[in-house]
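One structure is given here, and the rest of the page talks about it.
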Amino acid sequence: MSRPGSRTADTKKVSGELFSLTYGALVAQIVKDYQSVEDVNKQLEKMGYNIGVRIIEDFLARTKEGKCTDFRDTAEKVQMGFKMFINVSPTITSWTSASDEFSLIFESNPLAEFVELPDNYSHLKYSNILCGAIRGALEMVHLEVAAWFAQDNLKGDNVTELRVKFIRKIEDTVPAGDD
Amino acid sequence: LILLDSLLQEMTIYNLYLFDRDGTLLFYHEWIRTKYTSMSKGEEAKLLYGMLFSLKSFCAKLSPADMKTGFMSYKTSIYRLSLYETASSLKFVVNTDNESSQQEIRDLMCSLYSNVYVEFAIKSPMSVPGEMVTSNLFRTKVDQFIKSSSLYKNTE
């Protein structure tokens, strides 16, 4: 049913290098603008969140996915999202026994390709924008989650590990009654 | 196929409502509407959303087995109201005449979502989530999209 030629998104690709350098410039600017590293981390998360709440619509529209059956299903969709938007395929591992928490392992992180953290910024969560994006996107599909980096390549770990934890299911808002 | 074509000629689309997950009316547009309710647009939208909300939960409760999509449309002697809901709980509500099939309308709404809403509302830096879409470009695109669809036929 879709009209031919109306979808241009797939042909609009940018080079990975340009992408990581742009992100680097962005982080550098935020670091300049805010006093504490904590605030920078928060800002990055917030920006990611705002991206997430929008990007989810693009994801749904392109994949024509419906509701997830369980959280494992969700994990696969998140993985798909990473492939679709920043062309990396993280592996899903480390499920908790209750299936409410998983890890995404990134062999490489396109955001941090040319990055070295200076010593005084060792608490900077450089790629925190990703955590925010996951939280924002999943919130739009009725899932409240927490996302954080458990391991980070930039901090000397072997891999970058992003942990996602299910918190609760968000119910549809009941319309405000005016009798 | 010729028979199908001649059938399609008769069809039309009356109006469209778009709600977000909180029941806020994000967008309204009408093509052919000769009769109005005595309420304001806002009231009408609220009532409609409330009705859909109740209908949805009622349908789910009565369902003899677990269902995925739930309520999709109702049909009257004059028009059919269809609801297309995305996984992010955006609700596209469209009133059409009785000729179009449920599947055709769903396909149309699905494509309206991915080709118009996502492209011109979500991707617009000016749009604020949870607020009415005021972009004229979006309105124009919706209008063009509906008018160029095979379901639309102005019967004036």
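The values are calculated or read from the model by the stated rules, or taken from the named source; none is laboratory data. This structure is a prediction, so every number in the text was calculated from the model and none was measured. Every residue, glycine as well, gets a Cβ built from its backbone with ideal geometry; the counts of neighbours run over all protein chains shown. Quick note on the areas: whole protein, heavy atoms, side chains included, nothing else; ligands and nucleic acids left out. Shrake-Rupley method; radii C 1.70, N 1.55, O 1.52, S 1.80 Å.
Within the range A:115-122, identify whether any single residue is open to solvent by 70 Å² or more (accessible area, probe 1.4 Å), in contact with a Gly (Cβ under 9 Å, 6 or more places away or on another chain) and farther than 23 Å from A:VAL141 by Cβ, and answer yes or no.
Checking the range A:115-122: not a single residue is open to solvent by 70 Å² or more (accessible area, probe 1.4 Å), in contact with a Gly (Cβ under 9 Å, 6 or more places away or on another chain) and farther than 23 Å from A:VAL141 by Cβ.
Is it true that some residue in the range A:57-69 is open to solvent by less than 60 Å² (accessible area, probe 1.4 Å), β-branched (Val, Ile, Thr) and closer than 22 Å to A:GLU171 by Cα?
Within the range A:57-69, none of the residues are open to solvent by less than 60 Å² (accessible area, probe 1.4 Å), β-branched (Val, Ile, Thr) and closer than 22 Å to A:GLU171 by Cα.
I need the helices (runs of 4 or more DSSP H) fully contained in the range B:1-117, keeping only those with at least 1 residues that are away from chain A (no Cβ under 14 Å), open to solvent by 50 Å² or more (accessible area, probe 1.4 Å) and charged (D, E, K, R).
It comes to B:2-8, B:41-62.
Criterion first (hydroxyl-bearing (Ser, Thr, Tyr), free of Cβ contacts under 8 Å to residues at least 24 places away in the same chain, open to solvent by less than 70 Å² (accessible area, probe 1.4 Å) and under 25 Å from A:VAL159 (Cα atoms)) does A:SER20 satisfy it?
In short, no.
Evaluate the range A:95-107: report whether one residue or more is out of contact with any Pro (no Cβ under 7 Å at 6 or more places or on another chain), farther than 26 Å from A:ALA25 by Cβ, within 14 Å of chain B (Cβ to nearest Cβ) and part of a strand (DSSP E or B).
Among the residues of the range A:95-107, not one is out of contact with any Pro (no Cβ under 7 Å at 6 or more places or on another chain), farther than 26 Å from A:ALA25 by Cβ, within 14 Å of chain B (Cβ to nearest Cβ) and part of a strand (DSSP E or B), which makes the answer no.
Return only the number of the condition from (1) open to solvent by 50 Å² or more (accessible area, probe 1.4 Å); (2) in contact (Cβ under 8 Å) with a residue 12 or more places away in the chain that A:GLN43 does not satisfy.
The single condition A:GLN43 does not satisfy is (1).
Taking the criterion of being hydrophobic (A, V, I, L, M, F, W, C) and in contact with a Leu (Cβ under 7 Å, 6 or more places away or on another chain), would at least one residue in the range A:79-100 satisfy it?
yes
Just one of the numbered conditions (1) over 17 Å from A:THR173 (Cα atoms); (2) in contact with an Asp or Glu (Cβ under 7 Å, 6 or more places away or on another chain); (3) not hydroxyl-bearing (Ser, Thr, Tyr) is not true of B:MET132; which one?
B:MET132 satisfies all of (1) over 17 Å from A:THR173 (Cα atoms); (2) in contact with an Asp or Glu (Cβ under 7 Å, 6 or more places away or on another chain); (3) not hydroxyl-bearing (Ser, Thr, Tyr) except (2).
For the range A:141-178, give me each residue that is in a strand (DSSP E or B), open to solvent by less than 70 Å² (accessible area, probe 1.4 Å) and under 30 Å from B:LEU47 (Cα atoms).
Listed by number, the residues that qualify are A:LEU143, A:GLU144.
Considering only residues that are part of a helix (DSSP H, G or I) and surrounded by 13 or more Cβ atoms within 10 Å (Cβ to Cβ), which ones fall in the range B:138-153? Spell out the reasoning first.
Narrowing the range B:138-153 to residues part of a helix (DSSP H, G or I): B:138-148.
Within the range B:138-153, B:PHE138, B:ARG139, B:LYS141, B:VAL142, B:ASP143, B:PHE145, B:ILE146 qualify.
Across the range B:118-129, what is the number of residues that are open to solvent by 40 Å² or more (accessible area, probe 1.4 Å) and either outside any helix (DSSP H, G or I) or touching a Cys at 6+ places or on another chain (Cβ under 8 Å) (or both)?
Matching residues across the range B:118-129 total 5.
Write out, first by first residue and then by second, each pair whose Cβ atoms fall under 6 Å of each other, whose residues are 6+ apart or on separate chains, and whose first residue, in the range A:82-107, is closer than 25 Å to A:LYS169 by Cβ while the second is of a type in the set (Gly, Ala, Ser) and in a strand (DSSP E or B).
A:THR93/A:SER103; A:SER94/A:SER103
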